[in-house]
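Presented below is the structure to which this report refers.
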Amino acid sequence: MAETAHIPDEAEVRAKWGAFAFTPATKAKADIYIGRYPAGRQQSAVMALLDLAQRQVGEETHTQGWLPVPVIEYVAQYLGMPYMRAYEVATFYTMYNLAPVGRFHVQVCGTTPCMLRGSDDIIAACKNRGLVKGATTPDGLFTLTEVECMGNCSSAPMVQINDDNYEDLDYDSMTAILNDLSEGKQPKIGTQLPGRHTVEPYGGATTLHAMVDKNHDYRGEW
């Protein structure tokens, strides 16, 4: 049974993350992002640096990472911008975690296309595996979140787990994915339907078929 995610109090957070700083490897990546913007516009890299900071926290905690307030403050200071401006970004975009998550962050799409295609079955598979929305399992392995559209409507229902998408799911395939992850195995990424690739029609090409048959390279005409 999952339990409500523990959100550390301010004193605990300050004690653990108050001295946060980029590692040399993270700093090198951060400076590359900053260098893509004109001088004086380094604040434009705030989204990239928040992501880098979250990933470093994840590496240090063996999870998918999150953004404690001192870490957001560090990023703001690194970019020479007010803390509140960085905090606004971190709280607006859902890819930033404002509380600790598990090693595998399971984000189930519940928007209309996925709902019509069976996202309730996907959530049921997660629930049967002991996952509860908005909580982390006691072993720290899984955190379950229901999110809005992630742009894979043509292969619904789908979930994003960490940086990978798993598509064309049903109860059984979702259960198999969770079982593989818990056993240290890497599930097949992308569509779970045999014979389908990316988001092409499951039944094969049905449009521009004549042009393909004639070997007409229409891409150069775009």
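The values are calculated or read from the model by the stated rules, or taken from the named source; none is laboratory data. In this text the structure is predicted, and so the values were computed from the model without any measurement. Counting neighbours? That spans all protein chains shown, and the Cβs are built from the backbone with ideal geometry, glycine included.
The set of residues in the range 52-87 being among the aromatic types (Phe, Trp, Tyr) and either out of contact with any helix residue (DSSP H, G or I) (no Cβ under 9 Å at 6 or more places or on another chain) or within 24 Å of LEU144 (Cβ to Cβ) (or both) consists of TRP66 alone.
Look at CYS149 and say whether it is touching a strand residue (DSSP E or B) at 6+ places or on another chain (Cβ under 8 Å) and surrounded by fewer than 18 Cβ atoms within 10 Å (Cβ to Cβ). Yes; evaluated as a whole, the condition is true for this residue. Looking across THR143, THR198, one residue alone is loosely packed, with under 12 Cβ neighbours inside 10 Å and either at pLDDT 95 or above or over 12 Å from VAL108 (Cα atoms) (or both). It is THR198.
When the residues of the range 14-50 are narrowed to those that are of a type in the set (A, V, I, L, M) and closer than 19 Å to TYR96 by Cα, which ends up surrounded by the fewest Cβ atoms within 10 Å (Cβ to Cβ)?
Checking each candidate, the answer is ALA21.
Can you name every residue in the range 146-161 that is in a loop (DSSP other than H, G, I, E, B) and at pLDDT below 95? I'd like the intermediate steps shown before the answer.
Pass one, the range 146-161, residues in a loop (DSSP other than H, G, I, E, B): 148-152, 156-158.
Those that are in a loop (DSSP other than H, G, I, E, B) and at pLDDT below 95: GLU148, CYS149, MET150, GLY151, ASN152, ALA156.
Pairs are defined by a Cβ separation below 8 Å, a sequence spacing of at least 6 or placement on different chains, a first member in the range 30-43 that is assigned by TED's automatic domain parsing to the domain that holds TYR74, and a second member that is at pLDDT 95 or above and part of a loop (DSSP other than H, G, I, E, B); the pairs so defined are ALA30/PHE22; GLN42/GLY80; GLN43/GLY80; GLN43/MET81. Within the set of pairs 6+ apart or on separate chains, which have a first residue in the range 128-149 that is on the phi < 0 side of the Ramachandran plot, a second that is among the charged types (D, E, K, R) and part of a loop (DSSP other than H, G, I, E, B), and C-beta atoms under 7 Å apart? Cβ pairs passing all conditions: LEU141/ARG103. Residue-level check: of (1) out of contact with any strand residue (DSSP E or B) (no Cβ under 6 Å at 6 or more places or on another chain); (2) in contact (Cβ under 8 Å) with a residue 24 or more places away in the chain; (3) closer than 30 Å to LYS16 by Cβ, ASP163 misses just (2).
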